[in-house]
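Read through the structure below, which is laid out as structure tokens, and then see the notes.
Derivation of every value follows stated rules applied to the coordinates shown; laboratory data play no part. These figures come from a predicted structure and were not determined experimentally. Heads up, the Cβs are rebuilt from the backbone with ideal geometry, glycines too, and the neighbour counts pull from every protein chain shown.
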């Protein structure tokens, strides 16, 4: 019974101290914006291309 009470007291004290932590204001660094403002240039993606059909290779060509 004494162990149960000690365990509950320890759990209570731990939870109280865990909730009293003050949140930090902001990290010392900032992440850059995903889409920078003022960037009007848009790079276009290359067009989709089809892969050439597979070629049959001989054993000598595979070894090279």
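Among 52-61, 2-11, the peptide with the highest mean count of other Cβ atoms within 10 Å heads the list, and the full ranking is 2-11, 52-61. Our estimate of slack between residue 61 and residue 35, defined as 0.36 nm per intervening residue step minus the Cα-Cα distance, is 4.6 nm.
As a proxy for reagent exposure, ranking 35, 17 by other Cβ atoms within 10 Å from fewest up yields 35, 17.
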